[in-house]
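The structure appears right after this line, and notes come after that.
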Amino acid sequence: MPASIQRLTARLGDIPIGVFTADWTLVWWNSMWTALHGDPGALPAPERNLALAVFGSGAARASIRPFRSERGEDAFAASIVADLKDAVTRYPTDTRLDQLVQNLRESSPAFARYWATATAAQHVTDQKTISHPEVGDLRLDCDVLLVPGADLRVVTYTAAAATSDAGKLDLLHVTGGRSVTI
(Lines give C-alpha, C1' and ligand atoms only; values in the text may rest on other atoms or scores of the structure.)
Protein backbone atom coordinates (compact mmCIF):
# COMPACT_ATOMS: atom_id res chain seq x y z
CA MET A 1 0.00 0.00 0.00
CA PRO A 2 1.34 3.45 -0.80
CA ALA A 3 2.54 5.54 2.15
CA SER A 4 -0.25 8.07 1.61
CA ILE A 5 -2.91 5.36 2.06
CA GLN A 6 -1.10 4.00 5.12
CA ARG A 7 -1.21 7.48 6.68
CA LEU A 8 -4.87 7.97 5.79
CA THR A 9 -5.98 4.63 7.18
CA ALA A 10 -3.98 5.13 10.39
CA ARG A 11 -5.55 8.54 10.99
CA LEU A 12 -9.08 7.32 10.32
CA GLY A 13 -8.78 4.30 12.60
CA ASP A 14 -12.14 4.77 14.33
CA ILE A 15 -14.13 4.13 11.13
CA PRO A 16 -14.32 0.80 9.28
CA ILE A 17 -11.83 0.78 6.40
CA GLY A 18 -10.99 -1.97 3.94
CA VAL A 19 -8.54 -1.77 1.04
CA PHE A 20 -9.29 -3.83 -2.06
CA THR A 21 -7.38 -4.59 -5.25
CA ALA A 22 -8.78 -4.11 -8.76
CA ASP A 23 -10.43 -7.57 -8.61
CA TRP A 24 -12.07 -6.74 -5.25
CA THR A 25 -9.71 -8.82 -3.14
CA LEU A 26 -9.45 -7.43 0.39
CA VAL A 27 -5.76 -6.88 1.13
CA TRP A 28 -5.90 -4.67 4.24
CA TRP A 29 -8.47 -3.83 6.91
CA ASN A 30 -8.55 -2.20 10.31
CA SER A 31 -10.03 -3.40 13.59
CA MET A 32 -13.24 -1.44 12.96
CA TRP A 33 -13.72 -3.30 9.67
CA THR A 34 -13.42 -6.54 11.63
CA ALA A 35 -15.87 -5.27 14.26
CA LEU A 36 -18.42 -4.37 11.57
CA HIS A 37 -17.98 -7.20 9.07
CA GLY A 38 -16.32 -10.01 11.00
CA ASP A 39 -12.68 -11.06 10.83
CA PRO A 40 -11.46 -11.48 7.24
CA GLY A 41 -8.35 -13.12 8.70
CA ALA A 42 -10.50 -16.16 9.49
CA LEU A 43 -10.93 -16.71 5.74
CA PRO A 44 -8.29 -18.26 3.51
CA ALA A 45 -6.64 -15.42 1.56
CA PRO A 46 -8.18 -16.45 -1.81
CA GLU A 47 -11.67 -16.22 -0.26
CA ARG A 48 -11.24 -12.56 0.79
CA ASN A 49 -12.84 -11.41 -2.43
CA LEU A 50 -16.02 -9.35 -2.68
CA ALA A 51 -17.05 -10.92 -6.00
CA LEU A 52 -16.84 -14.36 -4.36
CA ALA A 53 -18.84 -13.07 -1.40
CA VAL A 54 -21.59 -11.75 -3.67
CA PHE A 55 -21.68 -14.49 -6.33
CA GLY A 56 -19.83 -17.49 -4.90
CA SER A 57 -20.95 -20.35 -2.72
CA GLY A 58 -17.90 -20.92 -0.54
CA ALA A 59 -16.41 -19.43 2.60
CA ALA A 60 -16.54 -15.85 1.28
CA ARG A 61 -20.29 -16.07 0.67
CA ALA A 62 -20.90 -17.67 4.07
CA SER A 63 -18.92 -14.97 5.87
CA ILE A 64 -20.66 -11.88 4.47
CA ARG A 65 -23.04 -10.19 6.87
CA PRO A 66 -26.53 -9.52 5.53
CA PHE A 67 -26.86 -6.03 4.07
CA ARG A 68 -29.17 -3.93 1.94
CA SER A 69 -27.95 -1.31 -0.49
CA GLU A 70 -30.04 1.80 -1.00
CA ARG A 71 -29.17 1.54 -4.71
CA GLY A 72 -30.55 -2.00 -4.75
CA GLU A 73 -29.02 -5.42 -4.89
CA ASP A 74 -28.89 -5.38 -8.68
CA ALA A 75 -26.97 -2.10 -8.84
CA PHE A 76 -24.38 -3.30 -6.32
CA ALA A 77 -23.89 -6.66 -8.03
CA ALA A 78 -23.73 -5.03 -11.48
CA SER A 79 -21.06 -2.58 -10.30
CA ILE A 80 -18.88 -5.44 -8.98
CA VAL A 81 -19.11 -7.18 -12.37
CA ALA A 82 -18.45 -3.93 -14.25
CA ASP A 83 -15.33 -3.36 -12.14
CA LEU A 84 -14.13 -6.89 -12.94
CA LYS A 85 -14.77 -6.32 -16.65
CA ASP A 86 -12.69 -3.17 -16.44
CA ALA A 87 -9.91 -5.00 -14.56
CA VAL A 88 -9.83 -7.75 -17.20
CA THR A 89 -9.27 -5.16 -19.94
CA ARG A 90 -6.49 -3.48 -17.95
CA TYR A 91 -4.81 -6.74 -16.89
CA PRO A 92 -5.31 -9.15 -19.81
CA THR A 93 -2.44 -11.43 -18.75
CA ASP A 94 -3.44 -11.78 -15.08
CA THR A 95 -4.19 -15.50 -14.81
CA ARG A 96 -5.59 -15.23 -11.26
CA LEU A 97 -8.10 -12.59 -12.38
CA ASP A 98 -8.99 -14.59 -15.48
CA GLN A 99 -9.53 -17.72 -13.36
CA LEU A 100 -11.75 -15.80 -10.91
CA VAL A 101 -13.95 -14.52 -13.73
CA GLN A 102 -14.12 -17.91 -15.48
CA ASN A 103 -15.04 -19.70 -12.25
CA LEU A 104 -17.77 -17.19 -11.45
CA ARG A 105 -19.15 -17.29 -15.00
CA GLU A 106 -19.38 -21.09 -14.78
CA SER A 107 -20.70 -21.37 -11.22
CA SER A 108 -23.00 -18.37 -10.88
CA PRO A 109 -25.87 -17.81 -13.32
CA ALA A 110 -26.34 -14.31 -11.87
CA PHE A 111 -22.68 -13.43 -12.48
CA ALA A 112 -22.85 -14.84 -16.02
CA ARG A 113 -25.98 -12.77 -16.72
CA TYR A 114 -24.36 -9.56 -15.44
CA TRP A 115 -21.17 -10.37 -17.34
CA ALA A 116 -23.14 -10.65 -20.57
CA THR A 117 -25.13 -7.47 -20.02
CA ALA A 118 -23.51 -5.17 -17.47
CA THR A 119 -22.01 -1.96 -18.71
CA ALA A 120 -19.59 0.24 -16.81
CA ALA A 121 -21.22 1.20 -13.52
CA GLN A 122 -18.64 2.71 -11.25
CA HIS A 123 -19.06 2.43 -7.55
CA VAL A 124 -20.50 5.57 -6.07
CA THR A 125 -21.46 6.66 -2.59
CA ASP A 126 -24.15 4.38 -1.27
CA GLN A 127 -26.08 3.93 1.94
CA LYS A 128 -26.06 0.40 3.22
CA THR A 129 -27.90 -1.18 6.09
CA ILE A 130 -25.74 -3.89 7.62
CA SER A 131 -27.30 -6.44 9.96
CA HIS A 132 -24.83 -6.91 12.79
CA PRO A 133 -25.35 -9.81 15.22
CA GLU A 134 -24.54 -7.73 18.31
CA VAL A 135 -25.84 -4.21 17.64
CA GLY A 136 -28.59 -4.85 15.09
CA ASP A 137 -29.06 -2.92 11.87
CA LEU A 138 -26.68 -0.04 11.11
CA ARG A 139 -27.45 2.41 8.30
CA LEU A 140 -24.10 3.65 7.08
CA ASP A 141 -22.66 5.69 4.25
CA CYS A 142 -20.31 3.58 2.15
CA ASP A 143 -17.72 5.45 0.13
CA VAL A 144 -15.27 3.93 -2.33
CA LEU A 145 -12.15 5.99 -2.90
CA LEU A 146 -9.96 5.06 -5.87
CA VAL A 147 -6.20 5.35 -5.39
CA PRO A 148 -4.59 6.67 -8.58
CA GLY A 149 -1.45 4.83 -9.63
CA ALA A 150 -2.03 1.93 -7.23
CA ASP A 151 -5.34 0.58 -8.56
CA LEU A 152 -6.69 0.16 -5.05
CA ARG A 153 -10.12 0.87 -3.64
CA VAL A 154 -10.38 2.25 -0.11
CA VAL A 155 -13.83 1.46 1.24
CA THR A 156 -15.06 3.38 4.27
CA TYR A 157 -18.24 3.20 6.33
CA THR A 158 -19.43 6.20 8.32
CA ALA A 159 -22.59 7.16 10.17
CA ALA A 160 -24.31 10.52 10.28
CA ALA A 161 -23.36 12.41 13.45
CA ALA A 162 -25.61 12.19 16.50
CA THR A 163 -27.66 9.26 15.17
CA SER A 164 -28.34 5.88 16.72
CA ASP A 165 -26.17 4.42 13.95
CA ALA A 166 -23.26 6.59 15.08
CA GLY A 167 -23.83 5.31 18.61
CA LYS A 168 -23.80 1.72 17.37
CA LEU A 169 -20.57 2.35 15.48
CA ASP A 170 -19.06 3.82 18.67
CA LEU A 171 -20.18 0.72 20.57
CA LEU A 172 -18.48 -1.47 17.97
CA HIS A 173 -15.33 0.61 18.41
CA VAL A 174 -15.35 -0.05 22.16
CA THR A 175 -16.37 -3.72 22.04
CA GLY A 176 -14.63 -4.75 18.83
CA GLY A 177 -17.95 -6.20 17.70
CA ARG A 178 -17.99 -8.82 20.43
CA SER A 179 -20.94 -9.55 22.68
CA VAL A 180 -20.88 -7.63 25.95
CA THR A 181 -22.88 -8.76 28.97
CA ILE A 182 -23.59 -6.48 31.89
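Quick notes
- Sum of -39500 (n - 2.57) over DSSP H runs of 4+, divided by residues of the chain (222 nm, nearest 500): -12500 deg cm²/dmol
- Taking 106, 73, 134 as the candidate residues, the one with maximal mean-square fluctuation in a Gaussian network model of the chain, Cα springs under 10 Å, is 106.
- The residues of region 53-162 expose on average 54 square angstrom of accessible surface per residue, using a 1.4 Å probe on protein heavy atoms.
- With every protein chain in place, the chain: carbon and sulfur % of accessible area (1.4 Å): 54
- Region 11-88 shape via C-alpha gyration tensor axes, a/c threshold 1.5: rounded
- In this simple spin-label model, placing a label point 7 Å from the Cα along the Cα-to-Cβ direction at both residue 86 and residue 39 gives a separation of 3.4 nm.
- Neighbour net charge for residue 159 - beta-carbon separation under 13 angstrom, K R +1, D E -1: -3
- Distance between the pseudo-spin-label points of residue 27 and residue 106 (7 Å out from Cα toward the beta carbon): 2.7 nm.
- Stretched out straight at 0.36 nm per residue, the stretch from residue 6 to residue 170 would grow longer than its current Cα-Cα span by 56.8 nm.
The values are calculated or read from the model by the stated rules, or taken from the named source; none is laboratory data. Remember, predicted model here, so these are calculated numbers, not experimental data. Note that we place each Cβ from the backbone using ideal geometry, even for glycine, and neighbour counts take in every protein chain shown. Each accessible area value is taken on the protein alone, full model and side chains, heavy atoms only, with ligands, DNA and RNA left out. Shrake-Rupley method; radii C 1.70, N 1.55, O 1.52, S 1.80 Å.
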